[in-house]
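Below you'll find the structure, written out as C-alpha cells, and then a few comments.
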Amino acid sequence: MSRRLNQVKVYMLGTAGSGKTSFTASFQEWLKLLDIEVVTVNLDPGEMNLPYDPEVDIRDWINLYDVMEKFKLGPNGSQIVCSDEIALKADEIKDSINFFDADIILIDTPGQIELFAYRETGKILIERLGVDNSVILFLFDPIISKRANGFVSLQMLSLSTQFIFSLPQLNILSKSDVIDEDLLKKIMEWYYTPETLYNDLINQKGISKEISIEVLKMLEVIGMQGSLISVSSESLEGMDDVYNFIIQLFKGGEDITDK
C-alpha cells in the first residue's frame, strides 16, 4: 500500500478530441524526466490504442465491446453502462492505485465529458479516491477555441465542471502546436482580455452571437475562470507551467517530492 498520504491526484477533463490521452502520456513522460514517481490511470473502457502503458486500467474490469455484446447495445448506450460500472468499481480502482508508491496520479477520464462530469460516476470516484490533493485540468480543444463562440462554450463547460466538483482547476489550451502563432495569441488574448473576445463576438451573425455575449457577461460576473496555459504534447512546451501550478497549489512552491 502506498505510504504517501499526500499523493496528488490530477484529473484530465475536456471534450472528446481535446487531447486528454495525449496530454496524459506526455505529462507522464515529462514528470519522469524530473524523477517524479507517477502513476497513470485509464478510465476509458473503449480505448484501443493508448500512447502510454497505464498502471491502472479500467479495461481490466470493464470492456466496452464486451458490454456491447452482452447487452446488445450500441456504442453510446454501452458507454453509459460502462460509466455506471466504473462507479461500482471505485474501491477496487482505489486499491490498485494505492498499491503504488507514487507522488502524482494522472487520471485520464473517458472521451465524452458527460460520462464523467454529468453522471454520478465522477463524483463517486473522486470521493472514493479522496478529495484532498485533487485537481482538475480542463483541456480546451484548439479547433473549437478558434471560433469566438466556440471558445465561450468551452469556458462555460469549464465553469460547469468547477461547479459540479468544487475542486481546484486549471484550464489548458491543448495541442497548441496545431495552430499558428497568431491564432494562439488571439485565443490567449480572448481569455485574459475579455473585451477583445466581446468585440469579436459582436462581429458574428445569428442567434449564437447574442447567446455568447450574454454567457460571456455571466462568466465575467462569476469570475471563477482562473488561468489558461497553452501546452503541446509534441514539444512538451507548457508542461513546466502545469507542474508549477500543481506544486504552488499543494506544496507552496516546493518540489512535489519533498516530504
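Laboratory data are not the source of any read-out in this text; all were calculated from the coordinates shown. Fair warning: this is a prediction, and the values are worked out from it, not measured in the lab. Cβ placement follows ideal geometry from the backbone for every residue including glycine, while neighbour counts extend to all protein chains displayed.
Quick check on the chain: of the DSSP beta bridges with both residues there, what percent are antiparallel, nearest 5%?
The answer is about 0 percent antiparallel.
Shape class for the range 147-213: oblate, because the ratio a/c of the largest to smallest gyration tensor axis (alpha-carbon atoms, square roots of eigenvalues) is 1.5 or more and b/c is at least a/b. The charge dipole of the chain, taken about its Cα centre with unit charges on the Cβ of Lys, Arg, Asp and Glu (plus for the first two, minus for the last two), comes to roughly 760 debye. Counting other Cβ atoms within 10 Å as a rough exposure proxy, the listed residues 178, 41 run 178, 41 from fewest neighbours to most. Remark: the range 92-147 carries a charge dipole of roughly 380 debye about the Cα centre, counting +1 on each Lys and Arg Cβ and -1 on each Asp and Glu Cβ. Here is the list for the range 32-75: chymotrypsin sites (Phe, Trp or Tyr not before Pro) lying in DSSP coil, each with at most 16 other C-beta atoms within 10 angstrom of its C-beta, are 61. In terms of distances greater than 28 angstrom between alpha carbons, the cross-link table entries 185/209; 146/217; 123/251 yield no pairs at all. With an a/c value of 1.5 or above and a/b not larger than b/c for the gyration tensor axes a ≥ b ≥ c computed over the alpha-carbon atoms, the chain is described as oblate. The alpha-carbon atoms of the range 39-120 define a convex hull whose volume equals 94 cubic angstrom per residue.
Residues 153, 160, arranged from fewest to most other Cβ atoms within 10 angstrom of their Cβ, appear as 160, 153.
Between residue 220 and residue 53, the contour length at 0.36 nm per residue exceeds the Cα-Cα span by 56.1 nm. Which shape class, rounded, prolate or oblate, goes with the range 1-150 when its Cα gyration tensor gives a ≥ b ≥ c as root eigenvalues, a/c under 1.5 marks rounded, and past that a/b bigger than b/c marks prolate? Oblate is the answer for the range 1-150, as a/c is 1.5 or above yet b/c matches or exceeds a/b. In the chain, the longest principal axis of the Cα atoms and the axis of helix 239-251 are about 70 degrees apart. Panel order for 186, 32, by other beta carbons found within 10 Å of each beta carbon, from fewest to most: 32, 186. Here's the picture: charge each Lys and Arg Cβ at +1 and each Asp and Glu Cβ at -1 in the chain, and of 154, 23, 97 the one pushed furthest to the positive end of that dipole is 154.
Taken about its Cα centre, the range 1-121 carries a charge dipole of roughly 240 debye when the Cβ of each Lys and Arg holds +1 and the Cβ of each Asp and Glu holds -1. Just so you know, the Rg over Rh for the range 169-252 is 1.04, from Cα atoms, with Rh as the Kirkwood radius.
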